[in-house]
1. Using a Förster radius of 35 Å, what is the FRET efficiency between A247 and E168 based on their Cβ-Cβ separation? Nearest 0.05, please.
2. Could you run the Debye sum over the Cα atoms of the stretch 178-220, one equal point scatterer each and no solvent, and tell me log10 of I(q)/I(0) at q = 0.34 Å⁻¹, two decimals?
3. How much length is gained on full extension from E146 to D210, taking 0.36 nm per residue of separation minus their Cα-Cα distance?
4. Subtract the Cα-Cα distance of S132 and V72 from 0.36 nm times their separation in residues, and report this length gain in nm to one decimal.
5. Which whole-number percent of Cα pairs in the stretch 1-81 have a distance greater than 14 Å?
6. How big is D, in µm² s⁻¹, for the stretch 62-202 by Stokes-Einstein at 37 °C and 0.692 mPa s if Rh is the Kirkwood radius over C-alpha pairs?
7. Run the simple label-point estimate for S15 and A3 please: 7 Å along Cα→C-beta, distance reported in nm.
8. Give me the accessible area of K19, 1.4 Å probe, in Å² rounded to the nearest 10.
Amino acid sequence: MRAIWKGAVSFGLVSIGVKLYSATEEKDIRFHQVHRADGGRIRYKRTCSVCGEEVTYDDIAKGYDIGGGEMVILTDEDFADLPLTSSRAIDVLEFVPAEQVDPILYNKAYFLEPEGTATKPYVLLRDALIDSERVAIVKVALRQREQLATLRVREGVLLLNTMLWPDEIRTPDFGFLDEDLKVRPPELAMASSLIDSMTGEFEPDVFTDDYRAALQEVIDAKVEGREVVQPEEAEEAPAAAVDLMAALKASVERAKAARGEPAARGGGGGGGGGEPTPISSARSAQKAAEKKAAKAPAKKTATKKTAEKKAAEPAKKTAAKKTTAKKAEPAKKTAARKAAPRKSA
């Protein structure tokens, strides 16, 4: 990395010499504008709209449009007299809890490296910030502009985050904020269940820029002269849901399926193998009651038939015995006759 600024952090009566480095870099694939026919670069000339002459950088000044076609021209001397803080100082103003700084204020990030013999006080400030669980609010002049910033610690290094000024944050002014919209408790419960099913630990390395990767493949294919393969189309976003509860329920089940959790049993409820949500519990209880009510008459009928069947069985058995006994009587009489001795003539 190349240092883009050198200065000092003013910490009370302590001065810490530092070098400033950009902490981030954009990975966008950049293109040049070229002539389609021969690939020649398109160049732009700086021309004056009044005289039409081409203007060099040395002849360019800053102008402020005051309206009506009038322009106020400012020179380097005008900027030199402005009340800027020292262009080589980072003045610590106060220390505050990090959670009190709204993230919307953060703008750009820079690493600070100790310079020369400033390592000891640098480490002292770093460890003091960690121990106090605070961030330093500072003022710094970068690129001829005074900026508010914070100093905090990241991976053992002091990180300078420049911030926007409060009047640079827009106030949201949207019509729906004035509407009296009510969210039903079941909808809120299902939305909370969806959030729970999608909760995890933030690991930024698992997220990738799929568009940039696909675009790089196209460029590589062009360079190698092979056939360009059409990248896979991303899944289309679902259409706006009419039934909010159904959409929330489907989202919960989809999130659980992505995590490898079992799908929901049956047709109700709001999830798979996890704990039941308030909505799923209520629906399950209602279905169970309906099922029990439907089965009750059938059970009574079945019980009645069973009782009648049991009552009829002894009667059937008795009748069968009588019939068997009755059929056996002639056989007994015949046998008795055969067994009786014949009278002599």
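1. Working: r = 37 Å, r/R0 = 1.06.
Plugging the Cβ-Cβ distance into 1/(1 + (r/R0)^6) gives 0.40.
2. Results for the stretch 178-220 at q = 0.34 Å⁻¹ read -1.06.
3. Details: separation 64, 0.36 × 64 = 23.04 nm, distance 3.76 nm.
Going from the current span to full extension adds 19.3 nm.
4. Values: separation 60, 0.36 × 60 = 21.60 nm, distance 4.89 nm.
Full extension from S132 to V72 adds 16.7 nm.
5. Values: 2652 of 3240 pairs.
For the stretch 1-81, the fraction of Cα-Cα distances above 14 Å is 82 percent.
6. Working: Rh = 19.7 Å.
The estimated diffusion coefficient comes to 166 µm²/s.
7. My value for the distance between the label points is 1.5 nm.
8. 50 Å²
The values are calculated or read from the model by the stated rules, or taken from the named source; none is laboratory data. Quick caveat: nothing in here was measured; it's all calculated off a predicted structure. Here the Cβ is made from the backbone with ideal geometry for all residues, glycine too, and neighbour counts use every protein chain on show. These area figures cover heavy atoms from the full protein model, side chains too; ligands, DNA and RNA do not enter into them. Shrake-Rupley method; radii C 1.70, N 1.55, O 1.52, S 1.80 Å.
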